[in-house]
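The structure appears below as structure tokens.
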Amino acid sequence: MYFIGNYTKMSQKFSITCLFVLILNFSFSQEKFHINLESIGLVSSTDKLMPHYQYSNNYGLISYDQKSHFLLMGGMTYQLAESDNFALKAGMTGIFKDQIDESFLYQAYLRGKLFKLIDFSIGKEAYTPVSYNDRLTMGGFLINSNARPIPKITLGFYDYLSLPFFNDWIEVKGGITQGWLNDDRTSEEQRNSADDPLLHEKWAYIRLGKTKIQPYVGVIHSSIYGGTRPDGTQIPVDFIATFFAKGSKSIGGGEATNAAGAHEGFWDFGAYVKSDWGNMLFYWQKPFSDGSGMKLLNFRNKDFKIGSILHFEDSKIIKNISIEFLRTDYQSGPGICDPVYPQDHPKAGQIINLREVDDYDVFMLDVFNVSTSGWGRDEVLDYFEKEQNHGYKYGGRDDYNNNATYYNGWTYYGQSFGMPLYHTQSQMTYYAPHWNPNELMFIKNNRVRAVHFGVEGDICNGISYLLKSTYSKNFGTYGEQYKNAISWDEKEDYFFKGGKRQVYSNIELNYSCKKFKMITFKFSCSFDFGELYNSVGTMIGVRYILN
């Protein structure tokens with residue numbers, strides 16, 4: 001492995017890290033000041049991707065395409081104010097890599113609380129108020145820990161609060177975020193890419209309180225809007241329309257009838273269960289990217305993530321267990337989004353707007369040479385579905401985390417801040433270098449079925465472990481399976497035809513010194529294998545926390 005040949009070089013850097021730690025130990029010892037230092041060395045035994053669980057669900061700390069590297073993470077927080085009505089903390093973290101030009105500011109934020117109720121934060125912070133234990137699970141659909149911290153302004157209630165006048169029976173939480181995607185998003189010179197788009201996120205939950213079984217329901221909404229095209233064109237902004245996912249006449253075009261901006265989200269149903277031996281969380285989540293997916297009662301949304309997290313209160317060997325089942329391959333079905341004019345028509349391939357048709361019988365005869373009598377919109381639409389859309393409803397091919405207006409979709413610095421199991425074009429170049437994609441969207445694999453298991457606990461005093469494994473079957477995207485967005489002709493060289501099986505697994509060990517409790521040593525080994533690629537990677541690190 002590459003690591004052996006570079007042992008001397010890396011050991012020298014570890015020595016420098018330890019020296020730096022000793023200096024800090026004598027320099028700062030205030031109660032309000034906290035320092036966190038971590039040095040990490042990673043190696044992969046292949047010339048392809050770093051194993052999945054070496055880089056995913058880690059706030060973009062590790063790059064998926066670096067076979068070996070060393071980094072030092074140095075962070076500090078300071079409690080600026082703390083009282084009954086106001087608390088404020090500042091934090092900053094830098095990442096220093098062996099390639100100096102790849103170092104970057106990882107976190108820089110202010111976080112506080114007003115009247116012990118309202119949470120707020122400003123800046124880049126590696127924190128999510130939505131996901132359920134990304135370290136143990138496969139990761140969340142949105143607002144998760146997979147990509148680098150995004151600069152945001154957030155205001156809300158991060159924890160459940162009891163509503164007044166309900167005697168603690170009804171609890172709510174929620175929040176709203178305004179972010180800025182300031183990474184390089186136009187370097188690939190795609191016409192539908194845009195630099196500096198804005199990110200709007202919000203979430204709202206309600207649950208039953210004051211009982212051992214606490215059912216809840218929540219909804220999460222994320223939208224990308226605004227930005228600048230590669231040719232300098234500014235994309236118009238209509239925040240109110242974006243907030244409510246409504247059309248905007250001020251923007252015009254397709255966003256006048258659909259929705260202003262790109263939209264994603266998911267429903268979250270579940271229950272917290274308390275027992276004598278521990279706690280349980282059960283959840284059923286339904287992703288959506290348009291109105292057809294958001295409407296649960298029309299049964300077109302067949303995608304889901306079903307999971308549970310079990311916490312054992314008095315057990316040391318097994319403290320937490322995660323079990324999850326994922327399906328995102330249906331995406332409202334393979335039907336194309338809208339009816340289109342036939343190939344022999346002057347408007348061939350253009351979308352048919354049935355609202356603009358005055359006489360449907362005349363329209364059917366003129367455009368399709370079909371004689372009808374007394375037909376209305378429903379009959380015409382039914383004809384289109386049978387003859388043009390292979391019997392499927394229109395509005396399918398939802399394409400999670402992708403959007404035709406924003407080529408990079410829900411990614412930040414090349415990594416998805418949507419579902420971590422999705423693969424981008426950059427990742428695919430490592431395991432399918434000879435495949436020629438359509439180049440329409442950046443995420444090339446978002447139709448996935450997966451089963452996940454994770455467990456963590458203590459082996460003995462001072463030594464803890466984390467073990468998790470995910471089996472997946474990957475189907476790519478509808479946009480790549482067919483020749484174009486309105487085509488039913490499959491590409492002959494479609495890489496994911498029939499589905500590609502892949503397994504991601506990881507084992508992690510942490511050792512805390514009895515004598516020096518501020519120091520923790522970490523080791524992990526990951527194995528990925530299957531029909532996509534095979535990869536083995538290891539990581540060693542040391543963490544120092546000064547309170």
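Structural remarks
- Counting the residues of region 153-167 that are closer than 18 Å to A204 by Cα and open to solvent by 30 Å² or more (accessible area, probe 1.4 Å) gives 9.
- Residue match in region 350-367 (condition: among the β-branched types (V, I, T), open to solvent by 90 Å² or more (accessible area, probe 1.4 Å), free of Cβ contacts under 8 Å to residues at least 40 places away in the same chain and out of contact with any Ser or Thr (no Cβ under 8 Å at 6 or more places or on another chain)): yes
- The residue that is nearest to L142 (Cα to Cα), among those in region 282-335 that are of a type in the set (S, T, Y) and in a loop (DSSP other than H, G, I, E, B), is S289.
- Residue match in region 129-137 (condition: among the basic types (K, R) and either open to solvent by less than 30 Å² (accessible area, probe 1.4 Å) or within 18 Å of the chain's Cα centre (by Cα) (or both)): yes
- Condition check for Y471: open to solvent by 40 Å² or more (accessible area, probe 1.4 Å), among the hydroxyl-bearing types (S, T, Y) and either touching a strand residue (DSSP E or B) at 6+ places or on another chain (Cβ under 6 Å) or in a loop (DSSP other than H, G, I, E, B) (or both): yes
- Which listed residue, of K13, K9, K48, is modelled with pLDDT under 85, under 24 Å from the mean Cα position of the chain (by Cα) and open to solvent by 30 Å² or more (accessible area, probe 1.4 Å): K48
- For region 104-123, the count of residues that are closer than 20 Å to A245 by Cβ and surrounded by fewer than 21 Cβ atoms within 10 Å (Cβ to Cβ) is zero.
- Matching residues, region 236-250, being open to solvent by 100 Å² or more (accessible area, probe 1.4 Å) and either farther than 20 Å from F266 by Cα or among the aromatic types (F, W, Y) (or both): I240, F244, K249
- Residue list for region 336-378, filter: out of contact with any Phe, Trp or Tyr (no Cβ under 9 Å at 6 or more places or on another chain), more than 19 Å from N389 (Cα to Cα) and of a type in the set (S, T, N, Q): S371, S373
- Among the residues of region 386-413, those that are without any contact (Cβ under 8 Å) to a residue 60 or more places away in the chain and not aromatic (F, W, Y) comprise K386, E387, Q388, N389, G391.
- Residue within region 83-94 that is more than 30 Å from K116 (Cβ to Cβ) and surrounded by fewer than 19 Cβ atoms within 10 Å (Cβ to Cβ) present: yes
- In region 528-547, the qualifying residues are those that are of a type in the set (A, V, I, L, M, F, W, C) and touching a residue at least 40 places away in the same chain (Cβ under 8 Å), and the one that is surrounded by the most Cβ atoms within 10 Å (Cβ to Cβ) is L532.
- Residue in region 444-454 that is of a type outside the set (F, W, Y), over 20 Å from T137 (Cβ atoms), open to solvent by less than 30 Å² (accessible area, probe 1.4 Å) and part of a strand (DSSP E or B) present: yes
- Counted residues, region 310-337 - those being at pLDDT 95 or above and open to solvent by less than 20 Å² (accessible area, probe 1.4 Å): 5
The values are calculated or read from the model by the stated rules, or taken from the named source; none is laboratory data. Remember, it's a predicted structure, so these values are computed and weren't measured experimentally. When we count neighbours, we look across all protein chains shown, and the Cβ atoms used for this are built from the backbone with ideal geometry, even at glycine. These area figures cover heavy atoms from the full protein model, side chains too; ligands, DNA and RNA do not enter into them. Shrake-Rupley method; radii C 1.70, N 1.55, O 1.52, S 1.80 Å.
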